[in-house]
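K.L.:
Dropping a structure here in structure tokens format, bear with me for questions.
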Amino acid sequence: MKILIVDDELVSRKKMDLLVRSLGHETLVASDGIEGWDIWKSERPRMVITDWMMPRMDGLELCRRIREAEGSQYIYLIMVTSREDVNDLVMGMDAGADDFITKPFIKEELAVRIRAGQRISGFETRDVVIFSLAKLVESRDLETGQHLERIRHYSKTLAVAMSESNNPPQEIDGLFLDNIFLTSPLHDIGKVGIPDHILLKPALLDDKEFDIMKRHCVIGSETLREALKRYPKADYLSMSADISRSHHEKFDGTGYPDRLEGEAIPLSARIVALADVYDALVSKRVYKDAYQHDVAKAIIESEKGKHFDPMVVEAFLYSEQEFIEIHERFSDR
């Protein structure tokens, strides 16, 4: 497990770092709350061990900020303190702390606290549930094979490449990367509402059938938006609804269902649009053979600024070797 340690006292910080690593965990280390906040936003570790009293930003404020920004992925927060007064502990819990370690601490106590946090994190079934929903759609179409695994890895690869570019989109942070990997498999969830004789037709669809097929974008997004009304803190539902509705939009405004253009199309949907088309090109279907990577690459380059966001195409070209490796790793053969 990756654990962030935040403490302004050098000796205490080094001791905690050595103990946590001796328990088999990876550590990130910050010397005060401001540095800890910046590291957490970038790396989003699932557990934070923070000192209470620190300059610039104390442990209470750090806990509050993480709680406000954690989204749907629960972060386990342990506060290190010499305070034992009940009112102080209540104050810490109100700020979002899950547990406390009293100075001076020992390895055995620390191990117990960390294991407790791991159990809490292990209760989170969100990822399993979402992928199971996506597989429900895929189970109706045996042709798609490992499509969902490829889509989630393609999508995250594109997002990472964009985040490392000279002019990265502001939307892409650690939470965005987590969510696009999690939610991109839901892009076709609306196909549960498409009749089998159209969804499973072993040939190209005619115009009337294609109009019915297009409805899967709206069906999926409306379903996910309804879920979001019930669970408004579930940020991943908002992204999944955007992807479901808009992954067939085109950058030049000729896509469907809303004929959105350019940056009016959610960034997550622009990313999944390329990932989805690439996978369709390099995969065999009853109505087409699989194209080689270079052919798919040429088609995608030719659609730069038309079907695809130029920035997403550049990210694809930057990471094309990773695309080849993902396709091989999750091959349908």
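The values are calculated or read from the model by the stated rules, or taken from the named source; none is laboratory data. From a predicted model like this one, the values you see are computed outputs, not experimental measurements. Positions of Cβ are backbone-derived with ideal geometry, glycine not excepted, and every protein chain shown enters the neighbour counts. Quick note on the areas: whole protein, heavy atoms, side chains included, nothing else; ligands and nucleic acids left out. Shrake-Rupley method; radii C 1.70, N 1.55, O 1.52, S 1.80 Å.
K.L.:
Would you say GLU171 is more than 16 Å from ALA273 (Cβ to Cβ) and of a type outside the set (Lys, Arg)?
P.N.:
Spelling it out, it is not the case that GLU171 is more than 16 Å from ALA273 (Cβ to Cβ) and of a type outside the set (Lys, Arg).
K.L.:
Taking helices (runs of 4 or more DSSP H) that do not extend beyond the stretch 1-91, which have at least 2 residues that are among the hydroxyl-bearing types (Ser, Thr, Tyr) and at negative phi?
P.N.:
Per the criteria, 10-22.
K.L.:
Looking at the structure I just gave you, is GLY253 touching a Lys or Arg at 6+ places or on another chain (Cβ under 9 Å), free of Cβ contacts under 8 Å to residues at least 12 places away in the same chain and of a type outside the set (Ser, Thr, Tyr)?
P.N.:
Taking the combined requirement at face value, the residue satisfies it.
K.L.:
Something else now. Of everything in the stretch 92-108, what is under 24 Å from LEU19 (Cβ atoms), not in a loop (DSSP other than H, G, I, E, B) and not aliphatic (A, V, I, L, M)? Give them in sequence order.
P.N.:
GLY92, ASP99, PHE100, THR102, LYS107, GLU108, listed by residue number.
K.L.:
Give the residue that is most open to solvent (accessible area, probe 1.4 Å), with candidates limited to residues of the stretch 223-237 that are part of a helix (DSSP H, G or I) and without any contact (Cβ under 8 Å) to a residue 12 or more places away in the chain.
P.N.:
So the residue we want is ARG230.
K.L.:
Those residues that are assigned to a helix (DSSP H, G or I) and either among the hydroxyl-bearing types (Ser, Thr, Tyr) or closer than 19 Å to ALA269 by Cβ (or both), I need them from the stretch 288-322; list them, please.
P.N.:
ILE300, SER302, PRO310, MET311, VAL312, VAL313, GLU314, ALA315, PHE316, TYR318
K.L.:
Suppose we keep only residues that are open to solvent by less than 10 Å² (accessible area, probe 1.4 Å) and among the polar types (S, T, N, Q) within the stretch 238-261. Which one would you say is nearest to the chain's Cα centre (by Cα)?
P.N.:
The residue in question is SER240.
K.L.:
Would you be able to say whether some residue in the stretch 87-101 is among the charged types (D, E, K, R), touching a strand residue (DSSP E or B) at 6+ places or on another chain (Cβ under 6 Å), open to solvent by less than 60 Å² (accessible area, probe 1.4 Å) and within 30 Å of LEU182 (Cα to Cα)?
P.N.:
Checked against the condition, which is being among the charged types (D, E, K, R), touching a strand residue (DSSP E or B) at 6+ places or on another chain (Cβ under 6 Å), open to solvent by less than 60 Å² (accessible area, probe 1.4 Å) and within 30 Å of LEU182 (Cα to Cα), the stretch 87-101 yields at least one hit.
K.L.:
Does LEU77 satisfy being within 30 Å of the chain's Cα centre (by Cα), surrounded by 19 or more Cβ atoms within 10 Å (Cβ to Cβ) and over 30 Å from MET239 (Cβ atoms)?
P.N.:
Against the criterion (within 30 Å of the chain's Cα centre (by Cα), surrounded by 19 or more Cβ atoms within 10 Å (Cβ to Cβ) and over 30 Å from MET239 (Cβ atoms)), LEU77 does not qualify.
K.L.:
Can you tell me how many residues within the stretch 23-72 are of a type in the set (Gly, Ala, Ser) and more than 24 Å from the chain's Cα centre (by Cα)?
P.N.:
The total comes to 5.
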